[in-house]
Every structure is written in structure tokens, then in C-alpha cells.
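Structure record follows, encoded as C-alpha cells.
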Amino acid sequence: MYEIWLVMNILWEIALAVWPLLLVGGVLWLLLMALALRRQRPDWRGGFRLALLAFGGVAVLAVLGVPPATQSSLAEMGYWVDWANLLAIAAGFGAIAAAFVWPLAAWGRARPSA
């Protein structure tokens, strides 16, 4: 249980350090959602498929790219917590990518009105 609180505290401290970037990203995401919703009949289902592809692609790239970016390697990952953290970080990067791709893809794939 201690590890969970420790991770949450670390995430909070990181968020406090980069809150302007998080604010800009949130506003940009809201604008993208508003654009997609203003479009007549956006194709959310088709956009979701593309968002899932973006999630998977970015997550795989993050699994391969985060260890070298932190001056480490996959070979040094010996403890299950290391793998859990790496997969969580990769899922976070993938979720961010999917969150931005989904409204763009739904907006670009709008269905014609019947």
C-alpha cells in the first residue's frame, strides 16, 4: 500500500512542476473536442479505431524509448515493479496520444447527413 501512495505523491509533485504544460494540453484537448462536436455527425467509432492504433504505436515506442531516455536499458529491468512502472508510463503516453487523435480522427471522418 505504501508504494501506491508513494507513486501518487511523486505524480502529484511532477504535475505541480509542469502544471502550465498540463493546462495548455487540457485546453487544447477541449478545443479539439469542441471542434469535433461542432462537426455535423462526427464518426466517433471510426475515430476510436485510429485512436487505439495511436495508443498501441505510441505505447510500444515508449516501452522502447523511455529506458534509453533515462540513461537506462531494458536489460537493467530486473524487478517486476520496474516493468510495471515502465508499462504504466507507456500506457500514459499512449493514452495521451489517443486522447488527441480521437477527436481529430472523428472530425476528419465525419459521416454525411442522411
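Laboratory data are not the source of any read-out in this text; all were calculated from the coordinates shown. For clarity, every value in this text was computed on a predicted model and none was experimentally measured.
Taking every Cα-Cα distance in the chain and sorting them into 5 Å bins from zero, the calculated P(r) comes out as 2, 11, 14, 17, 18, 14, 10, 7, 4, 2, 1, 0 percent.
Per-residue Karplus couplings for region 70-76, computed as 6.51 cos²θ - 1.76 cosθ + 1.60 with θ equal to phi - 60°, are listed in order as 9, 6, 10, 7, 5, 5, 8 Hz, Gly and Pro entered as x. In sequence order, what are the phi-derived ³J(HN,Hα) couplings for region 79-84 according to the Karplus relation 6.51 cos²θ - 1.76 cosθ + 1.60 with θ = phi - 60°, rounded to whole Hz, with x for glycine and proline? In residue order, the calculated couplings are 9, 4, 5, 4, 5, 4 Hz.
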